[in-house]
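The values are calculated or read from the model by the stated rules, or taken from the named source; none is laboratory data. From a predicted model like this one, the values you see are computed outputs, not experimental measurements. Using ideal geometry, Cβ is built from the backbone for each residue, glycine included, and neighbour counts are taken over all protein chains shown.
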Amino acid sequence: MSHAIPSRLCSRYKILSSSSPSFWVCIHVVCCLIYFDQCIYSFFENAEKTEFEIVAGVLRLSTKYDVKYLRLRAIRHLSLTYPTSLEAWDRRHETRTIPPNPFTPFAVVNLARETNILGILPGVMYRCNTFSAELIFDGVIFKDSHIELDLVDKRTCLIASAELLNRKQRDIYGFLRLDCVDGCRDRSTCDLQKLQWLSTATRFNCSALSDDFNWPEFKNNVCSRCFSVSQDSFRKARRDLWADLPNLFNLPSWSELEASLVA
């Protein structure tokens, strides 16, 4: 820490300056506590909405000084954006308390590693995979600073990217390859329509877990039986992918990750 801030504190509070290391250690602690107090005030002043920097500050300090209720509160803010269930994931834009920023996931991965919050990693590492390989490898500019994942997380994300793309094409949109659906009312028409949709869907620049498929329009193109089977297949594939997300990123099971969020 620069001596400039402690010097101002010494002048303001008439603290006798000393060149001994213990003096500056004490001043460092005082400055940390002042910053901690400011973070806590901001944290509780607007409990419903906050900023990533405030959450990160509270999380680091509450972890350092073992203030469990503040640590859990900070984790709660992060887990609303990066939850452990697919249902909560689909609602995260409505429930999140931290405003979105395109490159926040990279900062969150590093924060989670630093403070040992493994429970949010599947969701946030998945979000990192929605960026290009270049950004994953080279890093990003976040809040005017260059940040990047550590080498192990970069490697994990890049390897997972190939599997996520494969899952998207093979499983998520696998219903568009289904033919001979039992109960189909017009097999030739439905199969043709699904092939046409497949050529478009696999070119969509969307993530594997995206729920942006145009179901209303698709419903108008196929029979009711094919529509029902297609939706069931799509939903099951998303649930299966979500269940396997920790494994894709070399993390413990969901049950272990959920337990770690309240530890």
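Residues that are part of a loop (DSSP other than H, G, I, E, B) and over 13 Å from the mean Cα position of the chain (by Cα) within region 53-90 comprise Tyr65, Asp66, Val67, listed in sequence order. Checking each residue in region 155-181 for being over 19 Å from Asp240 (Cα atoms), in contact (Cβ under 8 Å) with a residue 40 or more places away in the chain and in the same structural domain as Ser233 (by TED's automatic domain parsing) picks out only Val181. Give the residues of region 168-206 that are small (Gly, Ala, Ser) and crowded, with 17+ Cβ neighbours inside 10 Å, sorted by residue number. Matches in region 168-206: Gly174, Ala201. Taking region 242-258 as the search range and keeping residues that are under 16 Å from Asp153 (Cβ atoms) and of a type outside the set (A, V, I, L, M, F, W, C), which one is surrounded by the most Cβ atoms within 10 Å (Cβ to Cβ)? Among those residues, the one meeting the criterion is Pro246. Against the conditions (1) more than 13 Å from the chain's Cα centre (by Cα); (2) under 15 Å from Phe52 (Cβ atoms), Leu111 satisfies every one except (1). The residues of region 114-162 that are closer than 18 Å to Thr84 by Cα and aromatic (Phe, Trp, Tyr) amount to a single one, Tyr126. Against the condition surrounded by 15 or more Cβ atoms within 10 Å (Cβ to Cβ), at pLDDT 95 or above and assigned by TED's automatic domain parsing to the domain that holds Thr50, how does Ala112 come out, does it pass? The answer is yes for Ala112.
Being among the hydroxyl-bearing types (Ser, Thr, Tyr), outside the structural domain of Ser210 (by TED's automatic domain parsing) and at pLDDT 95 or above is not true of Ser132. Tell me, which residue of region 129-163 that is in a loop (DSSP other than H, G, I, E, B) and hydrophobic (A, V, I, L, M, F, W, C) is nearest to Glu114 (Cα to Cα)? So the residue we want is Leu149. Among the candidates Phe175, Phe227, Phe218, which residue alone is within 25 Å of Leu248 (Cα to Cα), of a type in the set (Phe, Trp, Tyr), assigned to a helix (DSSP H, G or I) and at pLDDT 90 or above? Sole residue among the options that is within 25 Å of Leu248 (Cα to Cα), of a type in the set (Phe, Trp, Tyr), assigned to a helix (DSSP H, G or I) and at pLDDT 90 or above: Phe175.
In the set Ile147, Ile136, Ile117, only one residue is of a type in the set (Val, Ile, Thr) and closer than 16 Å to Pro246 by Cα; that residue is Ile117.
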